[in-house]
Amino acid sequence: MSGRVYASILQRASSYTLTLSSSTPFQYAHLVVFPSSQPRPANICHFSSWGTFRSDHLCSRSDESGNWSQRGRHLSTRQDLDFQLSRVQINSILRSNEQIVSVPEFDGRGLSGVRKFESNQLAANTPNEDRRSAATCLQTKGMLFGVFDGHGGWACAQAVSERLLYYIATAMMPKQSLEELEKCMEHGRPVPPILKWYKHHADFNYRESASLYIDHLRVFWQELLDSEEHGEGMIPLDALECAFKRLDADISLEAQVPLSNDLMKSTAIQVAFAGCTACVAHIGTDGIHVANTGDCRAVLGVREEDGSWSALPLSQDHNSQNQAEVERIKAQHPPSERDTVVTDDRLLGVLMPLRAFGDVRFKWSCELQQSILAGLESGVDLDSLNLYQYTPPNYLTPPYLDVTPEITYHRLRPQDHFLILGTDGLWDELSSDEAVRLVGEHLSGIHLQAPVSPSERQLKLGQMHELLLKRQARASPPLDTNGATHLIRHALGTGEYGELCQERLASMLALPEDLARMYRDDITATVVYLNADLARPHHR
């Protein structure tokens with residue numbers, strides 16, 4: 001968390017005294033919590049009809065009069081915090097989910113546009129609602145990278161992280177390759193692999209639903225085979241849009257049709273009623289396509305001629321800060337709803353991202369929602385699924401939400417060095433420019449300092465001392481080899497002068513489960529280092 005938030009923690013963080021258990025495994029930072037005599041804060045994210053979950057994407061509450069209000073991110077009561085995380089424990093927590101993968105320059109099918117990638121995750125919710133994916137396309141060219149930010153639980157982000165890259169890769173495959181897949185399925189032969197996945201050892205898969213996911217992927221490629229226009233496969237731009245829409249449609253369908261067992265049905269319902277945003281990049285030898293739905297973000301790191309670093313956004317956030325996005329949604333509904341479609345910076349006063357997978361609460365009719373949930377009551381405990389009979393306010397002309405991604409293309413240039421994909425937990429703490437500068441200086445080991453300006457020469461002694469502290473902070477050597485870990489460390493631990501503050505970082509990592517989400521979000525970051533040599537003229 002940034003320095004300005006750290007200061008507020010010591011004054012406004014709820015009524016707990018915290019000490020670290022001596023037997024604590026480092027990666028979990030277990031805390032012994034002693035509640036004080038003061039009452040617990042009343043504004044923790046809670047839906048009386050949706051259950052309780054810590055998520056800044058879905059956080060409204062009803063006050064005593066029944067009026068909806070946005071949940072504040074800070075608590076209103078005072079506390080004293082006693083943090084005792086050592087440097088070793090901090091590093092263990094920060095590095096437990098990191099990943100570094102080097103990519104061969106030539107993989108037998110052609111040159112790679114990626115040299116390596118580094119990724120990491122840090123949870124605030126329990127369990128983490130973020131997911132990430134990375135894979136090489138084996139039947140076509142290029143690599144795929146995605147970050148996924150779940151809300152209302154992790155179920156939707158989990159399913160999308162497992163399935164979306166398959167849909168994209170399949171859509172790009174030529175008809176001849178799809179025919180081979182279908183023949184293998186028909187005759188029970190091994191199916192040629194579509195993707196080479198790069199999994200972290202802690203990654204989870206929905207094993208119980210694997211057969212359902214394969215069946216629906218097969219239906220998808222069968223429909224592509226029946227299309228006279230498919231031919232050599234879709235270009236990445238079309239494949240990305242088609243895959244996003246088709247997977248969301250399958251998620252909706254799976255929640256409505258009879259399934260073979262209660263566990264599979266429960267999973268399908270959870271996936272559909274939860275939601276997630278997604279940002280996916282396809283990186284080829286010529287350029288990068290980015291498809292974004294929601295408020296994750298993709299930023300390109302560009303090295304300028306003078307050695308400085310600049311950020312080139314390859315996506316736009318789909319939230320209330322994007323006025324064009326707000327107007328797009330309002331235009332889809334009657335003029336009488338202009339004042340209710342987006343209120344309190346949220347869709348219908350409830351949902352922060354304005355595009356997402358799942359979230360059928362904002363897509364299905366009320367009748368369909370009630371029918372599906374009523375059909376579960378006999379065999380499934382709705383409480384255990386965090387599903388309740390609830391309709392958002394002013395729900396008059398659904399759907400209010402769709403998954404259609406916004407897609408950008410960037411042709412690679414020699415000065416393009418890396419791509420950062422991050423969930424909004426990262427961008428809450430760092431600007432795009434700050435993130436690119438951090439990764440760029442981490443990559444090059446060179447920390448450029450602007451010359452002292454004429455105005456700075458007139459500074460008083462104390463002000464000059466502050467300027468020197470800031471410059472020293474920028475020149476400090478990195479503590480992490482992994483660029484994504486470097487980003488997360490700075491996102492949570494940067495002090496007043498840009499220096500890394502051990503105490504501040506410890507405070508952010510030591511917050512207990514029911515407080516952590518009030519001060520930071522789940523953070524996922526993937527840094528993809530590009531093969532800039534491919535962009536030189538002799539490769540075109």
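So, in nm, how far is label Ala202 from label Gln222 when the simple model puts each one 7 Å beyond its Cα toward the Cβ?
Here the answer is 4.0 nm between the modelled labels.
Using Cα positions and a limit of under 18 Å, work out the lysines in reach of Lys141, with same-chain residues fewer than 8 apart set aside.
Candidates past the 8-residue exclusion: Lys116, Lys175, Lys196.
Where nothing but the Cβ of Lys and Arg (+1) and of Asp and Glu (-1) is charged, how large is the charge dipole of region 260-377 around its Cα centre, in debye to the nearest 20?
Working: 10 positive and 16 negative charges, 65 e Å.
Roughly 320 debye, rounded to the nearest 20.
Take Leu138 and Gln502, extend 7 Å from each Cα along the Cα→Cβ direction, and tell me the distance between the two endpoints in nm.
Reported label-point gap for Leu138 and Gln502 is 4.8 nm.
Long-range amide H contacts for Leu347: which residues qualify at under 5 Å (H placed 1.01 Å from N, peptide plane, sequence gap of 5 or more or a different chain)?
It is Met352, by chain and number.
Determine which lysines satisfy two conditions relative to Lys330: a Cα distance under 28 Å, and not lying fewer than 8 residues away in the same chain.
Reachable lysines: Lys245, Lys363.
So if I take the alpha carbon set of region 163-286, get Rg, then get Rh from the Kirkwood formula, what is the Rg over Rh ratio?
Details: Rg = 15.2 Å, Rh = 15.8 Å.
Looking at region 163-286, the ratio lands at 0.96.
Hey, rough spin-label estimate for Leu479 and Arg338, points 7 angstrom out along Cα→Cβ, what's it come to in nanometres?
Simple spin-label model gives 5.2 nm for this pair.
Report the convex hull volume per residue for region 115-211, counting only C-alpha atoms, in Å³. Working shown, then result.
On the way: hull volume 11.5 nm³, N = 97.
Taking the convex hull of the Cα positions in region 115-211, it is 119 Å³ per residue.
Read the figures in this text as sums done on the coordinates, not as results from a lab. The model shown is predicted, which means the values in this text are computed figures rather than measured ones. Cβ: placed from backbone, ideal geometry, glycine included. Neighbour counts: every protein chain shown.
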